[in-house]
Amino acid sequence: MPIIELHGAGPHPWPSVERTRRFYLRALEESFELRHASDPATKAPDASLHFSGGASWRVDAHPDWPLVLAMHGGPILDHDMLQNSIGKLETSDVLLVNCLSDMRILAAMVNGEGPLLRHLPLPVDTSVFHRQDKAKARDLLPLHPTDHVVGFVGRLLPQKNLHGFLRMFAEVKRRIAPRTACAVVIGNYWVDYPVLPYVTADYPNIISKLLGSLRIADDVIYLPANLSNDDLATAYNAMDVLVHPTTSIDENFGYAPVEAMACGVPVVGAAYGGLKDTIGDGETGFLVDTWITDSGIRLDVARAIAATQRLLEDASLAARCGAAGVERMRARYSVETCGEALRSAVRDGVEMRWSGRSRPVVTATPRIPHPEAGLLPRVPNEPWEHYRDVVAHYVSGPAPRIAEAASIRLAAPLEQEADTRFRLLDPAWPARFELDGTARAIVDHLVAGGTLESLRAGQLGSDEALQAMLESGLLIASRTEPSNA
């Protein structure tokens, strides 16, 4: 049996990464003898698998066997290091990525033949995550009597966009009245997240104030992230729809949407990174356009609200999406399917190495960093612009064109700091803008309930001025009428 030497494969503190680690070990031990790097050895391995840590990139001399490297969120977070180090690899080495966007990022780092890029979706345990009776599931949760339940599952970080979810939920709740709705939020706050940490430490306080200002504090039920898998599955089954509006820059897979689909729950998610692969738009739920701006990632909020509303009001559509989600999950994200994808990737590297076809990788010319726009606060580590060009592979496309837009709105509420200086009240992307007379008139008109149509009718700014505000991140646009998903 081939020997795989494991590096960085010890227990991990992040629940999602730990779940992935356990999957790797279970899948590999079916076909390989597993040996930790610290174990005594008398025989060279057939391959080394590096689950976490950067040790493989710091070794100058390539070993006499292929390297299998789990990328996780590396193509985004560590893209400079990868660009500088990928030339140490050979074409029989294997890079395991969880989304197709990562494959495009890594492919752009080499000239000619690169390492083997293998797409590895992550599995969901259907013995736990499966359909249950919705009424019984709701009885097991601390819910008030309600017509609809909308869910949010994820780490409670600004980039995961809980604040955006709450604003969307408040608008959906208003639209579907007199029918009632509550939100179930599952996750824990993480106050020391190091990537673009603009207001991370104060996020719990921001959310508390937002619940009050939106008048939905009594409509939101919070459950901690340390639920057992059985309790998490019950919570999914209590939901009518899961909303996953992430703008987390390294969202390379996302377990929550796939787990929800396994439970027959439709998903409304950001068309970003791994979610572009997992959610079938119009099939298992709806994807919401995302794009990059000078001040961060934006998404089509109007479509997210409309899609959620439609799934709550159209029971037959929700049932079709739920059934399609179960089938999609079984076909693509079963333990068996994902395990064979992992084993096959390792075999490919081993066979190519020992066939004598392995060659050194040639690195492409490094990209030129994007200049800083100066709209976001300074952070102690890399700024937004450091990630912007690679994030372009994760978003669904370019910014919408105002000429084609059906509606526009402010990206978030604004707070005036000086005569012409305003701050966007978005904890993930708290940009500051200088607004001249035209821009101020546009903002005031939108705050008063104005629309794109009324802006044009009143000649309050040209399409070019609106486009500039959209590309700066101050405005967001929808290509779809808000009443339609």
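Taken over the stretch 316-340, the criterion of being part of a helix (DSSP H, G or I), within 22 Å of the chain's Cα centre (by Cα) and in contact (Cβ under 8 Å) with a residue 40 or more places away in the chain is satisfied by CYS321, GLY322, ALA324, GLY325, VAL326, ARG328, MET329, ARG330, ARG332, VAL335, CYS338. THR247 passes every criterion in (1) without any contact (Cβ under 8 Å) to a residue 12 or more places away in the chain; (2) in contact with a Pro (Cβ under 9 Å, 6 or more places away or on another chain) apart from (1). Just so you know, in the stretch 241-287 the residues that are among the aromatic types (Phe, Trp, Tyr) and closer than 14 Å to SER396 by Cβ include one that is surrounded by the fewest Cβ atoms within 10 Å (Cβ to Cβ), and it is PHE286.
In the stretch 14-51, of all residues being part of a helix (DSSP H, G or I) and of a type in the set (S, T, N, Q), the one that is surrounded by the fewest Cβ atoms within 10 Å (Cβ to Cβ) corresponds to SER16.
Of the strands (runs of 3 or more DSSP E) lying entirely inside the stretch 89-174, those carrying at least 2 residues that are of a type in the set (A, V, I, L, M, F, W, C) and buried (at least 22 other Cβ atoms within 10 Å of the Cβ) are 94-97, 148-153. Residue pairs whose Cβ atoms lie under 6 Å apart, separated by 6 or more positions or on different chains, with the first residue in the stretch 154-178 and under 15 Å from LEU299 (Cα atoms) and touching a residue at least 24 places away in the same chain (Cβ under 8 Å) and the second among the aromatic types (Phe, Trp, Tyr) and surrounded by fewer than 24 Cβ atoms within 10 Å (Cβ to Cβ), are PRO158/TYR203.
Within the stretch 95-126, the residues that satisfy the criterion of being over 28 Å from PRO194 (Cβ atoms) and within 25 Å of the chain's Cα centre (by Cα) are LEU116, ARG118, PRO123, VAL124, ASP125, THR126. Of the strands (runs of 3 or more DSSP E) lying entirely inside the stretch 376-485, those containing at least 2 residues that are among the hydrophobic types (A, V, I, L, M, F, W, C) and in contact (Cβ under 8 Å) with a residue 40 or more places away in the chain span 407-410, 475-478.
Only one entry of ALA70, ALA107 meets the criterion of being among the hydrophobic types (A, V, I, L, M, F, W, C) and without any contact (Cβ under 8 Å) to a residue 24 or more places away in the chain, and that entry is ALA107.
Screening ALA217, ALA183 for residues that are surrounded by 19 or more Cβ atoms within 10 Å (Cβ to Cβ) and either modelled with pLDDT under 95 or more than 29 Å from PRO383 (Cα to Cα) (or both) leaves exactly one candidate, ALA183.
The values are calculated or read from the model by the stated rules, or taken from the named source; none is laboratory data. Computed from a predicted model, the values in this text were never measured in an experiment. Every residue, glycine among them, receives a Cβ derived from its backbone with ideal geometry; neighbour counts consider all protein chains shown.
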